[in-house]
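Everything below concerns the one structure shown next.
Only the coordinates and a few stated rules stand behind these numbers; no lab work does. All values reported here derive from a predicted model rather than from experimental measurement. Cβ: placed from backbone, ideal geometry, glycine included. Neighbour counts: every protein chain shown.
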Amino acid sequence: MKYPLNEKYSSPELMAKIMGPNPMKLEEELLAGHLIPAGSVVCDLGSGQGLTSVFLAKEYGFTVYAADLWSDPEENRQFFREMGLSDAEIIPVKADATDLPFEKGFFDSIVSTDSYNYFGRNPEYLDEKLLPFVKKGGYVYIAIPGMKQDCHDHLPPELLLSWTPEQLDYMHDVAYWRDMVGQSRDAEIIEVSEMESNEEVWADWLRQENEYAVGDRKAMEAGGGRYLNFVKIVLRKK
Ligand SMILES: C[S@@+](CC[C@H](N)C(=O)[O-])C[C@H]1O[C@@H](n2cnc3c(N)ncnc32)[C@H](O)[C@@H]1O
C-alpha cells in the first residue's frame, strides 16, 4: 500500500527512533478515513519515543498527549520541540495505561500504535481503565502486532528463533481481539480487522541496527512473518 503522509518521516534520524515495525506507516493505515473530529484532544497511548505523537499532531492537527510508561517525557519534550511543535500542541506524560493520570472524560479520542497488546489483554481493561477517560461518542483507534491465526499451543519453530512463548503471548489473531473488546459494555465495536501493512513495516524495522531489530531478523529471515500480521481495532464509547 502507499503511505503518502510518511514521505516526510523516512529520514535515517527518525527511523533510528522506531521501536518496532514502522509505527507511522501503521498509523497512516489505521487512520485512513478516520472519524476523529478536527481539533480533537487525543491521547497517543504507549507513545514510546513520540514518533507517532508527532505524526498525529502534524499530519492530523490534533492536540496530542504522548502518554508512555518506559520513555523519558523530558527527552520526548526535547524531540517535540526539535520537530517544531509547541508545548501546547503536544504534551509528554509519564503514564501507566492501567492507571491513567487524567480527569475522567478528558480525551476526545485515543490512538494507540504497537502498545495496546502490552496492557489490553484483559477483558475488564476497556471499561475499568481506559474508556472512563474518553468522552461519550469518542473513538479509540488501535493498531497492534498480531497473528494470522493463534497457534500458542503449537508455536512454529521459526518464531521461537527470536521470541519466547511468553513474548509471543502478546500477539493474537483477529478473533481473539474481537472477543476481548466485545466483552466491553461501554464500547461499540466499529471494526476489528487484519491490516494490509505487514512486509513494508517489518522491512523498515529489520533494516535498523539496534539489538532488538537484529534479534528479530532471525525469525523473519526464517519465514516467521507468514504467521504474523497487524490488527486494527476501532471502537466508539457509548
Ligand atoms: C513497542 S513500543 C511502541 C511505542 C510507540 N507507540 C511506537 O510505535 O513507536 C511499546 C510501548 O508501550 C509502552 N507501554 C507498555 N506498557 C505500558 C503501560 N502499562 N502503560 C503505558 N505504556 C506502556 C512502552 O512504554 C513502550 O514505549
Exercise for the section: Quick one: net charge around residue 148, please, counting Lys, Arg +1 and Asp, Glu -1 for every other residue with C-beta under 11 Å from its C-beta. Expected result: -2
Problem - Karplus-derived HN-Hα couplings along segment 69-84 (A = 6.51, B = -1.76, C = 1.60, θ = phi - 60°), whole Hz, x at Gly and Pro - result: 8, 8, 8, 9, x, 5, 5, 5, 4, 4, 4, 5, 5, 4, 7, x
Problem - Whole-Hz couplings from phi, Karplus 6.51/-1.76/1.60, listed for segment 113-129; x for Gly and Pro - result: 10, 6, 8, 4, 5, 6, 10, x, 8, 8, x, 8, 4, 4, 6, 8, 10
Handout entry: In sequence order, calculated HN-Hα J values of segment 206-216 (Karplus, 6.51, -1.76, 1.60; Hz; x Gly/Pro)
Key = 5, 6, 6, 9, 6, 4, 6, 5, 4, x, 6
Fill in the blank from the handout: From fewest to most C-beta neighbours within 10 Å, the residues 81, 236 line up as 81, 236
Practice task
Sort out the exposed loop GluC sites (Glu not before Pro) in the chain (DSSP loop, at most 12 other Cβ within 10 Å) and tell me the longest stretch that has none.
Solution key: 1-102
Completion exercise
Neighbours of residue 193 by Cβ distance under 13 Å: Lys/Arg at +1, Asp/Glu at -1, summed charge -2
Problem - Euclidean distance between Cα centres, segment 85-104 to segment 1-45, Å - result: 19 Å
Problem - Over 19 Å between alpha carbons, listed pairs 104/238; 135/232; 135/237 - result: 135/232
Exercise for the section: May I ask for the net charge around residue 70, where only other residues with Cβ less than 12 Å from the Cβ of residue 70 are counted and Lys, Arg are +1 while Asp, Glu are -1? Expected result: -3
Fill in the blank from the handout: Yeah, the chain with a ≥ b ≥ c from its alpha-carbon gyration tensor (a/c under 1.5 is rounded, else prolate when a/b outruns b/c, oblate otherwise) is oblate
Exercise for the section: Please order 83, 220 by the number of other Cβ within 10 Å, starting at the fewest. Expected result: 83, 220
Practice task
Please list, in chain and number order, the residues 5+ apart from residue 138 or on another chain whose amide H is under 5 Å from its amide H, with Hs placed from the backbone.
Solution key: 237
Problem - Candidates per trypsin sites (Lys or Arg not before Pro) in segment 93-198, loop by DSSP, up to 12 other Cβ within 10 Å - result: 104, 185
